[in-house]
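Taken together, the values in this text are just the output of simple stated rules run on the coordinates, not laboratory data. Bear in mind the structure is a predicted one, so any value in this text is a computation, not a measurement. All Cβ positions, even for glycine, are placed from backbone atoms using ideal geometry, and neighbour counts span all protein chains on display.
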Amino acid sequence: MKKSLLFFIALITSISLTKAQESYYFPGETFKSNVPSPSEFLGYEIGEWHTRYDLIVKYFEKLDELSPMAELKIIGQSHELRPKVILTISNAANMESLEDIRLKQIQLADPRAELPNISQMPAIIHLGYGVHGNEPSSSEAAMLTAYWLLASQSELAENMLENSVVHIDPALNPDGRDRHSLWANSNKGFPPVADPIDREHNEGWPRGRTNHYWFDLNRDWLPLAHPETTSKVEWYHSWYPNVTTDFHEMGTNSTYFFEPTKPFGSENPVVPRKNYEDINVRFAEYFSQYMDDIKSLYWTKEVFDNSYPGYGSTYPDIQGGLGLVFETASSRGHIQSSQRGDISFAFTIRNHVVNSLATMEAALDNREYMHEYLREFFDTAISEARSSSVKNYLFGDEFDQSRNVLFVNFLMDHQIEVYENTADKTVDGVDYKAGQSWIVPTEQPQYRMVRTMFEYVEEFADSVFYDASAWTMAAAYGMPFAANSGGSRGDLVESIDFETYDFPQGDAYAYLIDWSDYYAPKFLYKAQKAGIHVEQVAQDFSSETHEGPVNFPAGTLMIPMGFQEKSDSEIITTLQKIASETHQKVYSTSTGLNLSGIDLGSNSVSALEMPKVLMAVGNGVSSYDAGAIWYLMDSQLSMPMTKVD
């Protein structure tokens, strides 16, 4: 009610021409004065400064407050607790029916469901910006695009609001964006300096491209290692957009790139050829027209890659939509000299603005066609699976329950159907135990994602790769798996969580923990940090435990109760807590004399010292490699690491 009243009051105010700054981005257009432009809201012209992420969110909040045609939703948060937001824009009638529209789109993407009436369904457009923090022009373009949708008096904008639902993600990587914005704004000259060797244009290590842990989030749509992408992919599967954009920047001496990418060599092997040879070509006509209108140079069909499924422009291609990558020449600051003269920040922003509008118009004109393609994509996934010689994949690690849980949840995050395996089976010498292994049938809507997870791609159309050339995620997880293995399919897995184990009761000579589990190192560090003395057994052995005879592999952790500084009760209380937190099964034994193998007092059993980790960072060190190690220590081991320049 409050939003509607505010909007009504604003609506009766006079309508004026746009200010000069908006006319640069939208020449010849008039705008409603009841919606503030980004420059009016921020107090500076777009392109004069790099806008902080919190101000972008505040501008979107203002649009949500003023207009019943805008709704801002928080879908997650970054490592540094910045909110991940989506601004949804459509006309008032569509916004009132937003949930019904969403459910119809989900129904359309399900080949097992009745086909909805696509002639009545709006286009679902997802404009994604700012995955690389130091490619900042796109997030500025996001604000201008939202403004145009809500304030433009053009017939195209009105048609867009009536026949599409537009979702705007202003920055997939807010942490990296703010890191770069601080650098660019702090080093800005008055007047701005265009010389490429100026400090403003040469960001300090680790630069703003990556997220908090220096990870390239434009590689994370597949592995889903970070919260920014995890929340984004979860949101994606709640809408299945027809079109998704992915805006970037490239070298200052370049011009502008839009798809199609390099034929075959830069295309994903599971994506239907129709995507590349028909839909991409259709949309490219719109991009070229818009770029021709502002006389901005561009190119296509070279260099950039759409093969790796973890790109923001490739993942949608494997979900029945059209993913689009755009690259503009970068000012890498506010203005920088290039071979074609000075490139301004505003120029790079405008390139992305016009292609945002071009994308929306192309999606609108091809609305029913793209809806038909979405259903066709998942229909053909089923039919291709039926004709494939591979009918299922069996996987599971009988020694590592944590890895199993992580991998099953990972598959389900990508909407892959996973079933319990109810019978023991041995394939190529690997045992897959009932209750500790799972089956993934290929005949399911996400057949192409199943292939992505389990297939090895061994033949390539080109010998030159943009970067990633392998992505078999089962192998990346170190997960034993086999194709066409049969097995006995049980129930569909709806959810899976880490096992809980009862801590052994009674007096103990020592406690034993199998080192095979993924989180065993985390258990070890937490125990040592708590002041518990831990040793490691270097050879295989068998011990009589509180559960009877158990075989233990080399590497097993042993906590001897006779060599602890703390009382038995303190040790037991602490171990119970740590074992629960790290999902570890703890065995107790009442004797050091083992059933087989070495005994617990052997010289092949050694005390472990608590590690202190130091890592050199800074110039000369790959921020990607350093960030991966830092993230592993933090998130998987809870182990502090000293970083030294």
What number, rounded to the nearest 500 deg cm²/dmol, is the helix-based mean residue ellipticity at 222 nm of the chain, given -39500 (n - 2.57) per DSSP H run of at least four residues and division by all its residues? -10000 deg cm²/dmol
How high is the relative contact order of the chain, in percent, with contacts defined as C-alpha pairs under 8 Å that are six or more residues apart? 12 percent
Of all DSSP beta bridges located in the chain, what percent are antiparallel, nearest 5? 70 percent
Quick check: convex hull over the Cα atoms of the chain, volume per residue in Å³, rounded to an integer? 185 Å³
Enumerate the amide H contacts of E259 below 5 Å, restricted to partners 5 or more residues apart or on another chain; note that Pro and chain-start residues carry no placed amide H. V325
On a 0 to 90° scale, report how tilted helix 280-293 is relative to the longest principal axis of the chain, with both axes built from alpha carbons and the result rounded to the nearest 10. 50 degrees
Return the sequence-ordered ³J(HN,Hα) values of the stretch 468-473 in whole Hz as given by the Karplus equation 6.51 cos²θ - 1.76 cosθ + 1.60 applied to θ = phi - 60°, using x for Gly and Pro. 5, 10, 8, 7, 5, 6
In order over the stretch 28-38: 3J(HN,Hα) from phi, Karplus 6.51/-1.76/1.60, θ = phi - 60°, whole Hz, x for each Gly or Pro, gives x, 9, 10, 10, 5, 7, 6, 10, x, 6, x
Nearest 10 degrees, 0 to 90: helix 568-582 Cα axis against the chain principal axis: 40 degrees
Per residue of the stretch 63-70, in order, report the coupling 6.51 cos²θ - 1.76 cosθ + 1.60 (Karplus, θ = phi - 60°) as ³J(HN,Hα) in whole Hz, putting x for Gly and Pro. 5, 4, 5, 8, 10, x, 8, 10
Just to confirm the number: angle between the C-alpha axis of helix 401-413 and the first principal axis of the chain, 0 to 90 degrees, nearest 10? 20 degrees
5 angstrom amide H check on V165, placed H, neighbours 5+ away: A123, I124, I125
Near the amide H of I46, under 5 Å away, which other amide H atoms are found, from residues 5 or more places off or on another chain, if H is placed in the peptide plane? S39
Write out the GluC sites (Glu not before Pro) in the stretch 542-610 meeting two conditions: DSSP loop, and at most 13 other Cβ atoms within 10 Å of their Cβ. E547, E565, E609
